[in-house]
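Nothing in this text is a laboratory measurement; each read-out follows from the coordinates by a stated rule. All values reported here derive from a predicted model rather than from experimental measurement. Positions of Cβ are backbone-derived with ideal geometry, glycine not excepted, and every protein chain shown enters the neighbour counts.
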Amino acid sequence: MSRVRHIENQFYDKFIELATQVAAASDVFVDITHHWPAQKSRIPEVKDYEVKCDAITRETLTLLENSFITPFDREDINLLVRELDHIADGMDNAAARFDLYDIDDMRPEAIQMAELTQRAAMELKELFEHFENFKRDPVVREKMHTVGTIEDEGDTVSRQGLANIFHEHNDAVEILKWKSLLDTMESTVDSCKGVANVVRSVLMKNA
């Protein structure tokens, strides 16, 4: 293997490593929402994954700083890892707030948003498993489009969730709690689309 190829592979390996940790975090995140408050004790696991993602992000950016050769645009590599890391950050923030806000019952819209995050994370994991051949592998484009569709679903669920909350509650504190939570969860799904958008940029620049 040539030195250039070895360096390029290091970046692709980091993308897979980071996407794998994000997908694993999403599994825990979904379990917490599905079995709240019984699985409240799993919240620190999401934080553990977030810390792992931070470490991989730092390693990738250090590799980027020290590499003269990169597989594609340096700015896009930077954006990719940061957007992936934002997904983990979002799940960690939402999970922590479930406890901080002393949530009694998990709203169905929150469960749906967690499921959408998981679906998008799994799609991104598969995308990055094929990403090394992004110029030729149709799976990359297919998964990119799927993540965009999932984000559209997230917008719908979030808007309907907020409407339901305002309709069902007169308690301003309860409304503020759930608005904050759904906004955080929507931003997390948006970050998944952010990754897909960077992938789209890479495909266009290297067409």
Two-site FRET efficiency, Gln39 against Thr149, from Cβ-Cβ distance with R₀ of 30 Å, rounded to 0.05 | 0.60
Jot down the radius of gyration and Dmax of the chain, Cα atoms only, both in angstrom.
-> 18.0, 66
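Cross-chain or 8 or more residues apart, Cα under 17 Å: how many lysine pairs in the chain fit that? Count them up, please.
Details: Lys14/Lys52; Lys14/Lys125; Lys52/Lys125; Lys125/Lys143; Lys125/Lys193; Lys135/Lys143; Lys135/Lys205; Lys143/Lys193.
The number of close lysine pairs in the chain is 8.
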Of Phe98, Phe128, Phe72, which has the largest mean-square fluctuation in a 10 Å C-alpha GNM of the chain?
-> Phe72
Compute the separation of the alpha-carbon centres of region 149-207 and region 83-105 and state it in Å as a whole number.
-> 13
Could you list the trypsin sites (Lys or Arg not before Pro) in region 104-176 that lie in coil according to DSSP, counting only those with at most 11 other Cβ atoms within 10 Å of their Cβ?
-> Lys135, Arg136
Suppose R0 equals 45 Å; then what is the FRET efficiency for Met204 and Asn170 from their Cβ-Cβ distance, rounded to the nearest 0.05?
-> 0.35
Rank Ala96, Val202, Ala55 by how far each Cα sits towards the positive end of the charge dipole of the chain (+1 on Lys, Arg Cβ; -1 on Asp, Glu Cβ) and give me just the farthest.
-> Val202
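I'd like the trypsin sites (Lys or Arg not before Pro) in region 1-97 restricted to DSSP loop residues with at most 10 other Cβ atoms within 10 Å, sorted by number.
Here no trypsin sites (Lys or Arg not before Pro) fit, given the DSSP loop and packing criteria.
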